[in-house]
Amino acid sequence: MHEKPFVIGITGNIASGKSVVRTYLANTGAYTIDADLTAQDTYLPGLPAWREIIEEFGDEVKMPDGQINRGKLGRIVFADPARLARLEAIVHPCVTREILAQIEQCKRKVLVIEAIKLIEAGITAYCDEVWTVAADENLRFQRLVENRGHTDEIAWKKIRSQSPQEDKIFQSDRVIWTNNSYQESYQQTMLALRDLALPVCYKTEEVEYDVSSMQEKDFDWLISVVQEQTKERWNYERIYQLLGVKNVPIIRLDDEPVQSQRLSTRQTLALLTNQYPINSEQVDNHSSIAMLQGWLEGSFQLLIVPHDSTTSKEAWQAGFMPGQDGADFCPRSSYETFLKENGLMPGEVWIKPIQ
């Protein structure tokens, strides 16, 4: 038996910055769940929710390969509150069962659930604390238009279709405001962890090295390394923003940083996208990837590395498999979509299950 994790539920209205706060927490070593992605996986072809959705909404929401056309389904339910309620009645129980299974299996000290309907779906019953991530309505509108490409009409329709964020704030233990800089959002998140006496850094130790969460004390080092490698001039705000979208563990020797890893993630999938510096004098790529596995264990189930990150010989020696085998460990559509979002195909990566 292992100790139950401290469960933090994150909610908030659309474009409030929930995913940024969730990723900040992932960088501290928390196991994180995106309930929206979990919901998508529950209605893959052949699963019970898929069948119910087809029965309820008809074949018009089914694509030629059998998958649900989420864009079309979304337009239907956002235009009709009754049909949205029906969709939620189908999907929410499946999502809740999956979340409870992950809480039961989690071996990390902190588990985070991001869900826009966290309160409405009753998931708060399984949370030790509930946080609302909030931002002014006009700022959320601006984010939808500028960052997600929505028209003004669609952006306001999505915002107005949701209950006021004040309702969520009233039912929450803490509020993280994202109206201003990424730095402010990050520091509010870290302060909340410290108030709860929860870890703000996760570290695994190797023979000579250790791998740990990136800390603010590492920022100057990363800025100098990035400038040397890419000629780009970064500032602190750029790093706070990076920590809100990527996992950025640091490899250290004698407590001094020697290489940073940059990972794109989707639920329990982790894809190595960058290393700074690319080739460290202190540690080679093959060794750094091996150390990275230890840091990911307990939060991720599959490590994915592009072919140019390691040679074929090193990949086979380290137990990696061809990327085409990825669908054996997770839903094929989720895996392939994740790779495509990062400009990759299964034949361009190596994969390794993380125990």
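The values are calculated or read from the model by the stated rules, or taken from the named source; none is laboratory data. Fair warning: this is a prediction, and the values are worked out from it, not measured in the lab. Cβ coordinates were reconstructed from backbone atoms using ideal geometry, including for glycine residues, and neighbour counts include every protein chain displayed.
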Inset, instruction - Residue by residue through the range 113-150, note down the ones that are of a type in the set (Gly, Ala, Ser) and in a strand (DSSP E or B). - result: Ala134
Inset, instruction - State all residues of the range 151-180 that are assigned to a helix (DSSP H, G or I), touching a residue at least 60 places away in the same chain (Cβ under 8 Å) and of a type in the set (A, V, I, L, M); if no residue qualifies, say none. - result: Ile159
Inset, instruction - Give me a count of the residues in the range 104-144 that are among the charged types (D, E, K, R), within 22 Å of Gln301 (Cβ to Cβ) and touching a residue at least 60 places away in the same chain (Cβ under 8 Å). - result: 4
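Yes or no, residue by residue, for (1) among the acidic types (Asp, Glu); (2) under 30 Å from Pro199 (Cα atoms):
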position	(1), (2)
Glu52	yes, no
Glu56	yes, no
Leu73	no, no
Leu100	no, yes
Arg143	no, no
Arg160	no, no
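Residue-wise test of (1) within 19 Å of the chain's Cα centre (by Cα); (2) among the acidic types (Asp, Glu); (3) over 24 Å from Ile159 (Cα atoms); (4) surrounded by 18 or more Cβ atoms within 10 Å (Cβ to Cβ).
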site	(1), (2), (3), (4)
Lys72	no, no, no, no
Asp80	no, yes, no, no
Ala85	no, no, no, no
Val95	yes, no, no, yes
Leu118	yes, no, no, yes
Ile123	yes, no, no, yes
Asp128	no, yes, yes, no
Asp136	no, yes, no, no
Legend entry - the range 211-238 - residue that is surrounded by 14 or more Cβ atoms within 10 Å (Cβ to Cβ) and β-branched (Val, Ile, Thr) and, of those, farthest from Val20 (Cα to Cα): Val225
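Can you tell me which residue among Trp177, Trp156 is touching a strand residue (DSSP E or B) at 6+ places or on another chain (Cβ under 7 Å), of a type outside the set (Asp, Glu) and farther than 18 Å from Asn247 by Cα?
Every option except Trp177 fails the conditions.
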Inset, instruction - State whether one or more residues within the range 100-112 are β-branched (Val, Ile, Thr), farther than 19 Å from Gln162 by Cα, in the same structural domain as Asn180 (by TED's automatic domain parsing) and assigned to a helix (DSSP H, G or I). - result: yes
Legend entry - Pick from the range 181-200, criterion part of a loop (DSSP other than H, G, I, E, B) and under 21 Å from the mean Cα position of the chain (by Cα), ranking: farthest from Ile10 (Cα to Cα): Ser181
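How about the range 291-317: which of its residues are over 23 Å from Leu111 (Cβ atoms) and surrounded by 17 or more Cβ atoms within 10 Å (Cβ to Cβ)?
Let us first name the residues in the range 291-317 that are over 23 Å from Leu111 (Cβ atoms), namely 291, 305-317.
Result: Met291, Val305, Pro306, Ser309, Thr310, Glu314, Ala315.
Residue-wise test of (1) modelled with pLDDT under 90; (2) over 23 Å from Thr337 (Cα atoms).
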residue	(1), (2)
Leu47	yes, no
Ile54	no, no
Asp65	yes, no
Asp80	yes, yes
Val95	no, no
Glu98	no, no
Inset, instruction - Residue by residue through the range 278-293, note down the ones that are part of a helix (DSSP H, G or I) and either outside the structural domain of Ser213 (by TED's automatic domain parsing) or aliphatic (A, V, I, L, M) (or both). - result: Ile289, Ala290, Met291, Leu292
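Within the range 242-277, how many residues turn out to be closer than 18 Å to Thr23 by Cβ, assigned to a strand (DSSP E or B) and hydroxyl-bearing (Ser, Thr, Tyr)? It would help to see each step written out before you state the result.
Going residue by residue through the range 242-277, those that are closer than 18 Å to Thr23 by Cβ are 242-250, 260-274.
Remaining after also requiring assigned to a strand (DSSP E or B): 247, 250, 260-266, 269-274.
Add one more test, that the residue is hydroxyl-bearing (Ser, Thr, Tyr), and what stays is 260, 264-265, 273.
Qualifying residue count for the region: 4.
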